[in-house]
Amino acid sequence: MAQTTPAPAAPTPGTAMPASTDMGMKMADTATVKLKFMTVKPADVMSSKLVGTTVYNNKNETVGEVEDLVIGNGKTLTGVVVSVGGFLGLGESYVVLDPSSLAISSKDGKWMVHADTDKDTLKNAPKFEYSKKKM
């Protein structure tokens, strides 16, 4: 039988919710919250299915490939790193796209990412450099 934890009482107006209701991973050297187990829902998408997925535009042209996912503060998907240009890994560059500007679909077991863009727009977008990422 599944166990549920009662929701904390709503805060008094003008006060903040207790920090213990904060969802997501913490940036720390040790864990301070009791371990919880989750159930993956049928509609959930695993990150391993997206990394390496081709990005198509609305004309069904290949415009890039998902290289990485950015998780802000250990909680929320805040960016999708896409490689653009290049050939066999040479000369490619990276851009970070807002996840809300992308659509994902699965057909015959193959995942696809869709963006309303073209190759030139992505090639001219602000570049992301892994070497400048401090963590």
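The values are calculated or read from the model by the stated rules, or taken from the named source; none is laboratory data. Quick caveat, the model's predicted, so the values are computed rather than measured. Using ideal geometry, Cβ is built from the backbone for each residue, glycine included, and neighbour counts are taken over all protein chains shown.
The residues of region 99-129 that are charged (D, E, K, R) and surrounded by fewer than 10 Cβ atoms within 10 Å (Cβ to Cβ), listed by number, are Lys107, Asp108, Glu129.
Considering only region 71-84, how many residues are surrounded by 16 or more Cβ atoms within 10 Å (Cβ to Cβ) and out of contact with any Pro (no Cβ under 8 Å at 6 or more places or on another chain)? The number of residues fulfilling the criteria is 4.
Counting only strands (runs of 3 or more DSSP E) that sit completely within region 80-119, those holding 1 or more residues that are closer than 13 Å to Thr53 by Cα and not small (Gly, Ala, Ser) correspond to 102-107, 110-115. Selection over region 32-63 of residues that are in contact with a helix residue (DSSP H, G or I) (Cβ under 9 Å, 6 or more places away or on another chain) and farther than 20 Å from Gly109 by Cα gives a count of 2. Examine region 122-135 for a residue that is free of Cβ contacts under 8 Å to residues at least 12 places away in the same chain, aliphatic (A, V, I, L, M) and out of contact with any Lys or Arg (no Cβ under 7 Å at 6 or more places or on another chain), and state whether such a residue exists. For region 122-135, residues free of Cβ contacts under 8 Å to residues at least 12 places away in the same chain, aliphatic (A, V, I, L, M) and out of contact with any Lys or Arg (no Cβ under 7 Å at 6 or more places or on another chain): present.
In region 27-60, of all residues being free of Cβ contacts under 8 Å to residues at least 12 places away in the same chain and of a type in the set (S, T, N, Q), the one that is nearest to Asp120 (Cα to Cα) corresponds to Asn60. In the set (1) at pLDDT below 95; (2) within 28 Å of Lys133 (Cα to Cα); (3) under 18 Å from the mean Cα position of the chain (by Cα), the condition left unmet by Val113 is number (1).
For every residue, the table says whether it meets (1) outside any loop (DSSP other than H, G, I, E, B); (2) modelled with pLDDT of 85 or more.
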{"residue": "Ala7", "(1), (2)": "no, no"}
{"residue": "Pro11", "(1), (2)": "no, no"}
{"residue": "Thr15", "(1), (2)": "no, no"}
{"residue": "Ser20", "(1), (2)": "yes, no"}
{"residue": "Gly24", "(1), (2)": "no, no"}
{"residue": "Val33", "(1), (2)": "no, no"}
{"residue": "Thr39", "(1), (2)": "no, yes"}
{"residue": "Pro42", "(1), (2)": "no, yes"}
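Is it the case that Val80 is in contact with a helix residue (DSSP H, G or I) (Cβ under 7 Å, 6 or more places away or on another chain) and at pLDDT 90 or above? Considered against the rule, which asks whether it is in contact with a helix residue (DSSP H, G or I) (Cβ under 7 Å, 6 or more places away or on another chain) and at pLDDT 90 or above, Val80 comes out as yes.
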